[in-house]
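Student: Below: one structure in structure tokens.
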Amino acid sequence: MKCPMCGHTESRVVDSRPSNDMSSIRRRRECLMCRHRFTTYEVIDTIHPVVIKRDGSKELFDKNKLLIGIIKACEKRPVSAEAIANDVESALHASLNQEITSAELGEMVMDRLKRADPVAYVRFASVHREFKDVDTFIEEIRKLRGDK
């Protein structure tokens, strides 16, 4: 770690503790050359997955964008959209995949919504799978209910 006063590259850690929000480690350091004390923060370097969209373009995974879609599906339903989004994000990071298609991401959301709330699931599926007419809705509901 480079000292901000003299530029010396060696220092010792005087104190180390988690930050208030527990997202990083705060370290007080002392330069071995000039004895100047300074603070550094250590954070986990996370992998930022890339989403491959239907048109083939790529963009970084954006949890907020995902959350907006889930919130719309869960409107006036007893489901925590935030919990679903957090679960999908955790699964995505745990998989260590650098890329995921928007279709796969949508299926991950639908899998969780199907278990949490059938109405929210159908709402999300209708947009994700681009239902074209009422018959498509009816067919999906029949599958959900286990009808033949």
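Taken together, the values in this text are just the output of simple stated rules run on the coordinates, not laboratory data. This is a predicted model, so every value here is computed, not measured. For neighbour counting, all protein chains shown are included, and Cβ atoms are generated from backbone atoms with ideal geometry for every residue, glycine included.
Student: Note down the net charge around R129, summing +1 for each Lys or Arg and -1 for each Asp or Glu among other residues with Cβ under 14 Å from its Cβ.
Tutor: Net of charged neighbours comes to -3.
Student: Compute the angle between helix 134-145 and the longest alpha-carbon principal axis of the chain, please, reported from 0 to 90 degrees and rounded to the nearest 10.
Tutor: Here the helix axis deviates by roughly 70 degrees.
Student: Mind pulling the angle between the C-alpha long axis of helix 118-128 and the longest principal axis of the chain? Nearest 10 degrees, somewhere in 0 to 90.
Tutor: 80 degrees
Student: Based on DSSP H runs of at least 4 residues, each adding -39500 (n - 2.57), what is the mean residue ellipticity at 222 nm of the chain after dividing by all its residues, to the nearest 500 deg cm²/dmol?
Tutor: Value at 222 nm, helices only: -13500 deg cm²/dmol.
Student: Residue farthest toward the positive end of the dipole of the chain, with Cβ of Lys/Arg at +1 and Asp/Glu at -1: which of M1, G56, A81?
Tutor: Of the options given, the answer is M1.
Student: Using only Cα atoms, tell me the angle between helix 81-95 and the longest principal axis of the chain; keep it within 0 to 90° and round to the nearest 10.
Tutor: 70 degrees
Student: For a Förster distance of 25 Å, can you work out the FRET efficiency between the beta-carbons of M22 and E59, rounded to the nearest 0.05?
Tutor: Between M22 and E59 the formula returns 0.30.
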